[in-house]
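The values are calculated or read from the model by the stated rules, or taken from the named source; none is laboratory data. In this text the structure is predicted, and so the values were computed from the model without any measurement. Don't worry about glycine lacking a Cβ; one is built from the backbone with ideal geometry, like all the others, and counts go over all protein chains shown.
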Amino acid sequence: MINIAIIGGTGVYDPTILENVHQDEIKTPYGLVSYKVGDFAGRSIAFIPRHGSKHSIAPHLINYQANIWAMKKIGVQKILATAAVGSLNTAMKLGDFVLVDQFIDFTKTRKSTFYEGGDKGVVHVDLTSPYCLTLREALLSVSQKIGIVIHSSGTYVCTEGPRFETPAEIAMFAQMGGHLVGMTNVPEVILAREAEMCYSTIAMVTNYAAGISPNPITYGEVIEIMNENTEKLKKLLMNTILLIDTTLDCSCQQALAEYGGFKL
Ligand code: HPA
């Protein structure tokens with residue numbers, strides 16, 4: 001049984017922590033999903049590079065519904081996602097990890113629900129705590145144990161992309177309470193909750209956001225900082241997977257109880 005999945009963001013394209021890796025694919029009502037499966041510490045772990053293995057899928061064109069549905073279908077209960085982000089404040093520095101706990105949605109064109117009426121009906125999922133508290137606690141305690149600098153909370157502003165933001169947008173996001181900016185957490189986190197899965201994002205600060213950085217932002221600097229910190233990220237993922245107890249029930253897994261539960 002595959003209980004845990006890693007969704008790799010920018011700079012995380014290969015599941016190098018896994019052994020005996022093989023490629024698999026699954027048909028979903030939203031399209032075909034290719035993913036990898038491998039072993040780590042006696043567990044089968046699934047891996048999806050969110051942007052494709054060669055960073056060829058733009059953030060607004062990622063098939064978030066298909067990816068989450070596919071992971072649910074193969075039995076995944078817990079998703080550890082990684083995300084490269086720009087920082088809106090100087091306390092969250094280059095290379096720092098942040099355990100995102102809230103988001104603000106500035107996306108424009110994405111399907112952010114499995115429930116679009118018709119036979120499936122309509123649901124209004126609660127997102128008071130959008131990111132799984134249990135997974136965040138596990139990540140936090142592991143980081144402290146292995147000596148990785150991590151911020152225990154942060155508000156992620158999700159933009160539509162693929163362009164970077166203007167300084168005026170960043171100033172507005174900061175005034176609204178945003179700490180980080182990225183292009184992919186929405187709708188991934190929402191769909192995971194609708195599918196009653198535990199989901200957590202490890203955000204890594206790869207640049208200061210537009211207008212905070214003294215220079216124009218380049219994709220090159222994002223990749224460079226990401227690459228410099230991949231070993232830390234791997235260590236955090238490996239030690240957290242060791243700690244995850246997939247037999248424990250979590251409130252994320254009852255997110256749609258009011259509607260009779262999520263049905264594939
Ligand atoms: N903006 C949006 N997405 C990002 C950034 C940014 O500055 N850095 C990494 N992903």
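Residues in the range 222-264 that are part of a loop (DSSP other than H, G, I, E, B) and of a type in the set (Lys, Arg): LYS263 only.
Restricting to the range 114-132, name every residue that is surrounded by fewer than 17 Cβ atoms within 10 Å (Cβ to Cβ) and either of a type in the set (Asp, Glu) or in contact (Cβ under 8 Å) with a residue 12 or more places away in the chain (or both). Break it down stepwise before answering.
Start the filter on the range 114-132 by keeping residues that are surrounded by fewer than 17 Cβ atoms within 10 Å (Cβ to Cβ), which leaves 115-124, 126-129.
Residues satisfying the conditions are TYR115, GLU116, ASP119, GLY121, VAL123, ASP126, LEU127, SER129.
In summary, PHE40 fulfils each of the numbered conditions (1) surrounded by 16 or more Cβ atoms within 10 Å (Cβ to Cβ); (2) within 26 Å of SER112 (Cβ to Cβ) with the single exception of condition (2). The set of residues in the range 175-184 that are within 11 Å of the ligand (Cβ to nearest atom) and either among the aliphatic types (A, V, I, L, M) or part of a helix (DSSP H, G or I) (or both) comprises LEU180, VAL181, MET183.
Against the conditions (1) surrounded by fewer than 17 Cβ atoms within 10 Å (Cβ to Cβ); (2) part of a loop (DSSP other than H, G, I, E, B), ILE148 satisfies every one except (1). On the stretch given as the range 27-85, residues that are of a type in the set (A, V, I, L, M, F, W, C) and more than 21 Å from THR107 (Cα to Cα) total 15.
Reported count of residues in the range 155-203, each being within 16 Å of LEU99 (Cβ to Cβ) and among the polar types (S, T, N, Q), is 4.
In the condition set (1) on the phi < 0 side of the Ramachandran plot; (2) within 18 Å of the chain's Cα centre (by Cα); (3) not charged (D, E, K, R); (4) not in a helix (DSSP H, G or I), VAL123 is compliant with all but (2).
Checking every residue in the range 224-245 against the condition of being modelled with pLDDT under 95, of a type in the set (A, V, I, L, M), near the ligand (Cβ under 10 Å from one of its atoms) and farther than 30 Å from TYR259 by Cα gives at least one match. Taking the criterion of being more than 14 Å from the ligand (Cβ to nearest atom) and modelled with pLDDT of 95 or more, the residues of the range 75-104 that qualify are GLY75, VAL76, GLN77, LYS78, ILE79, LEU80, ALA91, LEU99, ASP101, GLN102. Only one of the listed residues (ASN215, ASN185) is buried (at least 24 other Cβ atoms within 10 Å of the Cβ) and among the polar types (S, T, N, Q). That residue is ASN185. Apart from one condition, MET172 fits all of (1) outside any loop (DSSP other than H, G, I, E, B); (2) more than 21 Å from ASN89 (Cβ to Cβ); the exception is (2).
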